[in-house]
1. Only helical DSSP H runs with n ≥ 4 go in: add -39500 (n - 2.57) per run for the chain, normalise by residue count and round the 222 nm mean residue ellipticity to 500 deg cm²/dmol.
2. Taking Cα atoms, how many degrees apart are the long axis of helix 155-166 and the longest axis of the chain, rounded to 10 and kept between 0 and 90?
3. In percent, how large is the relative contact order of the stretch 1-148, given Cα pairs closer than 8 Å and 6 or more residues apart?
4. State the extension gain, in nm to one decimal, for the chain segment bounded by residue 104 and residue 24, taking 0.36 nm per residue of separation less the distance between their alpha-carbons.
5. Would you order 35, 24 from fewest to most other beta-carbon atoms within 10 Å of each residue's own beta-carbon?
6. Mind checking the angle between helix 63-75 and the chain's longest principal axis? C-alpha axes, 0 to 90 degrees, to the nearest 10.
7. What residue among 130, 116, 108 has the largest mean-square fluctuation in a Gaussian network model of the chain, using Cα springs under 10 Å?
8. Kindly identify the stretch 16-100 as rounded, prolate or oblate by the Cα gyration tensor criterion: order the square roots of the eigenvalues as a ≥ b ≥ c, call it rounded if a/c is under 1.5, otherwise compare a/b with b/c, prolate if a/b is larger, else oblate.
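Quick note: the coordinates plus some simple rules give every number you see, no bench work behind them. All values derive from a computational prediction rather than experimental measurement. Glycine also receives a Cβ, built like all others from the backbone with ideal geometry; neighbour counts cover every protein chain displayed.
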Ligand code: SF4
């Protein structure tokens, strides 16, 4: 039976998913071994039940991220924190020193001060979810089985971890697998 694989995009730049697509010919092997049941690259609206393996890109930045993260944890056997934003908070967490009082300032800066056209904060329309006071790495909020560091993790590192998981072995990330590039 095929592994039910999901990939999720929380607060990140999509660079980790771009690195995933750099798996090149390994993607063909993956296509034989997995059913991709949820991902930014497939048109599935709701995170399904009974997912075997999920790679989570991005930090937990807002209420929507938090809500789906708990759903993902409840419905997934093995979670991988995919990339430095998921592992540490990384770039999105740079706003944390500003604190809760400055969430409004973050929105003001992003949507008003640096807008070239039609400056407005779309939060009022429900388009932008409520920001959390602090951006959090995934493992601070739910249990995570494995970590894939890197910004983004190089394709070889992704391949190494995923291939070991698909083979049913306990993954090791060491030596050459931890080098960048
Ligand atoms: Fe983008 Fe780097 Fe964060 Fe991945 S870890 S989402 S590449 S900033």
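1. On the way: 6 runs with 50 residues, N = 181.
Rounded to the nearest 500, the figure is -7500 deg cm²/dmol.
2. The angle comes out near 60 degrees.
3. Result for the stretch 1-148 is 27 percent.
4. Details: separation 80, 0.36 × 80 = 28.80 nm, distance 4.17 nm.
Extra length available between residue 104 and residue 24 comes to 24.6 nm.
5. Numbers: 35 14, 24 9.
Least crowded to most crowded, the residues run 24, 35.
6. 20
7. In this elastic network of the chain, the residue with the biggest mean-square fluctuation among 130, 116, 108 is 116.
8. On the way: a/c = 2.48, a/b = 1.50, b/c = 1.65.
Oblate is the answer for the stretch 16-100, as a/c is 1.5 or above yet b/c matches or exceeds a/b.
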